[in-house]
Amino acid sequence: EIAWQEWQVAEAARLHCGNLMLTQKRAKLAQQSVELNEAFLTAMEHGVDLGVRTQQEYAAAQIALQESIKKQADAQSAVEQERQALNAVLGLAPETELSLSLEESLDFQGLAPADELFEYAISHRPDLRALRVGHESQEARVRAAVRSSFPKITLGLTGGRDTDNVRTLGAGIGIELPFFDRNQGTIALERATRKQLADEYQARLFQTRADLARIEESLRLVRQKQTLLNNLLPKLERQVGFLQKSVNAGEMDSFALYAAKNKLLAKKFQLLELEKSALEWGLAMELASGRYGIMEVKQ
């Protein structure tokens, strides 16, 4: 029971640690979004003065800036919440500031198939091991109760001699209780307990296999989306670089550049959300399988 509690606390700490790293990255991106929208609003105001942009476009830029400011405030709030949650799990004072590198994250170091992790869970997960041993122990209790339903009979000889020197010889018989109910109540109780443990063990095995299969499929989909986004980001960055050169050369205005930068930031936000999903599913896989280290710190 202690090992099971420690295991869950450790995994909770890893989850909050990973989420804190991701929320810090999100807050950094949110700050970049505010700065970009502030510059865009200034350019839009200048465009309105020149008559090349409309008041509607200027109003839309104002709304975009307010939304980015709200997103930044939400991100900072999430950082504080995760920091407090991590401190609480680790038993640290609320004001403690842990230094976490933004260049690090929890990622996969290799993921075994669900069937292999299921076999590992049977032999390593503390709750499954406890239920299995408990069932074996209860089986011994049932056998002991059944043996006690056959009362032990003891036979002995008794003898004596009276004043006339007459000797007597007899047999003494002893029978242990219970005799009439043959211990059926105790046997029924122990068998019911054994069945309850067996049912609970089988139910957890079934749930573990189902959980591992579901987590494996969810992780596959998340990682597939991560791959697509990771392949897309370099292309968007090259597009931003090309537009920046065109703006610097005076070949085009800056509005297309701002739009491209906003699109790039939006994709980075999406990638962070996918990293968060991957983190949560990965730690869920650790909990379900009982295998520590599926998720490791990656530079």
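The values are calculated or read from the model by the stated rules, or taken from the named source; none is laboratory data. Keep in mind that what you see is a predicted model, and the values were worked out from it rather than measured. Glycine also receives a Cβ, built like all others from the backbone with ideal geometry; neighbour counts cover every protein chain displayed. Surface accessibility is based on the protein's heavy atoms, side chains included, excluding ligands, DNA and RNA. Shrake-Rupley method; radii C 1.70, N 1.55, O 1.52, S 1.80 Å.
Averaged over its residues, segment 205-260 has an accessible area of 64 Å² per residue, based on protein heavy atoms and a 1.4 Å probe.
The lysines within cross-link reach of residue 225, meaning a Cα-to-Cα straight distance under 20 Å and a gap of 8 or more places when in the same chain, are 25, 235, 263, 267, 268, 276, 298.
A simple spin-label model places the labels of residue 88 and residue 9 1.5 nm from each other, with each point 7 Å out along Cα-to-Cβ.
Loop-resident chymotrypsin sites (Phe, Trp or Tyr not before Pro) (DSSP state other than H, G, I, E or B) in segment 237-299 with no more than 16 further Cβ atoms inside 10 Å of their Cβ: 292.
Solvent exposure of segment 1-117, expressed per residue, is 57 Å² of accessible area, with all protein chains present and a 1.4 angstrom probe. Sorting the Cα pairs of segment 47-94 by distance into bins of 5 Å, from 0 upward, gives 5, 19, 13, 12, 10, 9, 9, 7, 6, 5, 4, 2, 0 percent per bin.
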